[in-house]
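Chemist: Please find one structure pasted underneath; my questions will follow.
The values are calculated or read from the model by the stated rules, or taken from the named source; none is laboratory data. It should be emphasised that the depicted structure is a prediction, and the values quoted were computed from it without experimental measurement. As a convention, Cβ positions derive from the backbone with ideal geometry for all residues, glycine included, and neighbour counts pool all protein chains shown. In case anyone asks, the SASA skips ligands and DNA or RNA and just uses the protein heavy atoms, side chains included. Shrake-Rupley method; radii C 1.70, N 1.55, O 1.52, S 1.80 Å.
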Amino acid sequence: MQKSLKRKRDDNDELRPGGLYLDTIRRTYLDFDFEKVCSISLSNLNVYACLVCGKYYQGRGTTSHAYIHSLHEDHHVFINLHTLKAYILPDGYEVNDSSLDDIKYVIKPTFTKEQIKLLDKNNNYCYDLNNKKYLPGFIGLNNIKKNDYINVIIQALIHITPLRDFFLRNDKESKSELVNRFGMLIRKMWNSRAFKAQVSPHELLQEISNASKKKFLLTEQNDPVDFLYWFLNTLHFALGGTRKKKSIIQETFQGKLQIESQTILAEPEEGKEKFQKTDFESDREVTKVVSPFMVLVLDLPPPPLFQDEMEQNIIPQVSLSSLLCRYDGKTIQEIGNTLKRYKLLKLPNYLIFNAKRFNKNNWSQEKNPTIINFPIKNVDMKEYLDTDPNDKEEYKYDLVANICHEGKDSPKNGSYKVQVYCKGKDQWFQIQDLFVEEIMPQMIFLSETYIQIWERKFSEESK
Ligand SMILES: [Zn+2]
């Protein structure tokens with residue numbers, strides 16, 4: 001056995017090292033989305049993929065799992081998943097053949113500055129090994145069990161241009177495994193030379209579970225808003241940000257908010273009607289706090305409690321601008337026994353809204369089904385911003401991602417889908433796990449939106 005293999009190799013060496021063996025590679029069996037651990041020892045050190053059957057094995061020495069696999073199965077081409085060096089086993093020599101480049105690229109996609117610049121202009125579909133058509137950046141993510149609440153956040157974030165570009169540019173290994181795995185997933189999702197038109201987020205999900213101390217699992221539905229707060233915060237610190245030093249996360253999403261508050265002194269006597277307070281009491285102290293924010297909460301008006309039969313099928317609606325009034329620096333809100341007034345001091349380039357759809361009381365959780373009406377382009381935020389009257393700057397925003405909840409009562413029930421905008425095609429896509437479809441913009445308004453991300457418009461010159 002050994003002998004015949006040796007002879008084969010020698011014959012081939014003259015033409016092309018490993019040549020015959022390279023023809024045994026089966027690309028459709030290859031999947032590099034799973035945790036890089038040996039299928040036998042479960043070790044993550046020195047792991048090779050067998051390019052014939054796709055399985056992972058440790059080592060290539062004469063007692064290693066990869067070596068034994070090559071003898072048992074007659075599979076001979078292996079690639080080190082870390083160094084991307086390919087070897088013929090059991091002989092043990094390295095092959096450096098350009099026909100392996102596509103495989104190396106699928107394991108670790110990389111992007112040049114020029115390629116990154118063109119991503120938002122691309123409207124060309126690509127084809128995977130099964131001839132399935134896909135648009136890079138608009139591809140499905142597996143729902144392994146109950147991780148759709150994470151999938152929608154990933155899908156939204158990979159379309160935030162500065163954040164995406166940061167991770168595409170910085171492909172060197174970081175000390176943080178969360179950063180490494182999120183970056184790798186972004187590069188795979190934007191890969192135009194993918195073997196299959198879907199990506200499994202498995203490796204990132206494992207690390208999210210580790211890093212969150214099992215708070216965010218792939219086996220248990222959770223609230224994407226809670227996950228988003230945790231993810232952005234954890235990434236900020238993992239990328240070297242501190243309380244004072246900004247990271248790409250804060251540069252992209254962080255704004256500043258002023259909160260004024262005053263305690264309400266006396267409650268009206270029982271039986272007397274409570275009147276709506278419209279301003280602070282001028283003779284008492286008002287506390288002023290300036291606070292950074294990454295998510296702006298939008299309070300939905302309570303849905304009508306009792307509806308007659310005729311109205312039962314009418315879904316309550318509200319306009320985005322009436323929800324944003326909360327931040328106009330004039331409107332006073334009564335929260336518990338405090339009056340509050342909010343004003344935006346600084347707007348980020350990417351604004352995240354969270355429509356507060358779920359209300360918890362002592363007994364149960366309820367979902368507010370109110371539909372929000374909004375224009376998808378040119379939402380003017382200037383009136384909510386504390387600016388100099390001479391400030392000529394425009395603060396207009398376009399919607400880029402919209403996450404919706406389907407189901408009842410609790411954010412931990414039901415399912416999530418996301419709608420994302422493709423600039424290159426001027427087209428909206430709806431993505432629910434593996435299912436990707438083009439949709440008309442009108443479809444966006446029919447959904448129970450839960451999280452939105454808006455992008456500030458800049459004129460071409462100021463870019
Ligand atoms: Zn094999």
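Chemist: How long are the three semi-axes of the equivalent ellipsoid for the range 58-195, computed from the Cα gyration tensor as the root of 5 times each eigenvalue, in whole Å, largest first?
Modeler: Taking √(5λ) for each Cα gyration eigenvalue gives 32, 17, 16 Å.
Chemist: Let me ask something else. When ranked by the protection proxy of mean other Cβ atoms within 10 Å per residue, highest first, what sequence do the peptides 397-409, 422-434 form?
Modeler: Ranked from most to least packed, the peptides come out as 397-409, 422-434.
Chemist: Okay, next question. Give Lys245/Lys377; Lys146/Lys423; Lys117/Lys146; Lys256/Lys340; Lys343/Lys408; Lys117/Lys423 a once-over and call out the pairs whose C-alpha atoms are over 24 Å from each other.
Modeler: Those over the limit are Lys245/Lys377; Lys146/Lys423; Lys117/Lys146; Lys343/Lys408.
Chemist: Oh, and also: Could you name the lysines in cross-link range of Lys55, using Cα to Cα under 23 Å and dropping any fewer than eight places away on the same chain?
Modeler: Cross-link targets: Lys36, Lys85, Lys104, Lys108, Lys145, Lys188, Lys196.
Chemist: Let me ask something else about it. Filter the trypsin sites (Lys or Arg not before Pro) in the range 345-403 down to the DSSP loop ones having no more than 11 other Cβ atoms within 10 Å, then list what survives.
Modeler: Working: sites: Lys346, Lys356, Arg357, Lys360, Lys367, Lys377, Lys382, Lys392, Lys396; in loops: Arg357, Lys377, Lys392.
Here the trypsin sites (Lys or Arg not before Pro) that fit, given the DSSP loop and packing criteria, are Lys392.
Chemist: Follow-up. Once every DSSP H run of n ≥ 4 in the chain is given -39500 (n - 2.57) and the sum is divided by its residues, what mean residue ellipticity at 222 nm do you get, rounded to the nearest 500 deg cm²/dmol?
Modeler: Here the helix-only value at 222 nm equals -6500 deg cm²/dmol.
Chemist: Moving to a separate point now. Could you tell me how many degrees, from 0 to 90 and to the nearest 10, lie between the Cα long axis of helix 224-238 and the main elongation axis, the longest principal axis, of the Cα atoms of the chain?
Modeler: Roughly 60 degrees between the two axes.
Chemist: Hey, how many Å between the Cα centroid of the range 155-210 and the Cα centroid of the range 326-391?
Modeler: Result: 31 Å between the Cα centres.
Chemist: Let me ask something else. What is the antiparallel percent of DSSP beta bridges lying wholly in the chain, to the nearest 5?
Modeler: Details: 66 of 76 bridges.
Bridges in the chain are about 85 percent antiparallel.
Chemist: Ranked from highest to lowest mean number of other Cβ atoms within 10 Å per residue, what is the order of the peptides 117-124, 41-48?
Modeler: Result, highest mean Cβ count within 10 Å first: 41-48, 117-124.
Chemist: Among Ile116, Tyr56, Ile371, whose Cα sits farthest toward the positive end of the charge dipole of the chain (+1 at Cβ of Lys/Arg, -1 at Cβ of Asp/Glu, about the Cα centre)?
Modeler: Result: Tyr56, furthest along the dipole toward the positive end.
Chemist: Additional query: Just to confirm, what accessible area per residue do you get for the chain at 1.4 Å probe, in whole Å²?
Modeler: 53
Chemist: Taking all protein chains in place and a 1.4 Å probe, what share, in percent, of the accessible surface of the chain do carbon and sulfur account for?
Modeler: Looking at the chain in its full context, I get 50 percent from C and S.
Chemist: Could you state, as a whole-number percent, how many of the C-alpha pairs of the chain are farther apart than 32 Å? Before the final figure, lay out the partial values.
Modeler: Details: 53168 of 106953 pairs.
Everything past 32 Å amounts to 50 percent.
Chemist: Using the Cα gyration tensor of the range 394-437, with a ≥ b ≥ c the square roots of its eigenvalues, what is the shape: rounded (a/c below 1.5), prolate (a/b larger than b/c) or oblate (neither)?
Modeler: It comes out oblate by the Cα gyration axes.
Chemist: Give the relative contact order (percent, whole number) for the chain; include only Cα pairs under 8 Å separated by 6+ residues.
Modeler: For the chain, the relative contact order is 13 percent.
Chemist: Relative to the first principal axis of the alpha-carbon coordinates of the chain, what is the inclination of helix 202-211, with its axis defined by its Cα atoms, in degrees from 0 to 90 and to the nearest 10?
Modeler: Relative to the chain, helix 202-211 is tipped by roughly 60 degrees.
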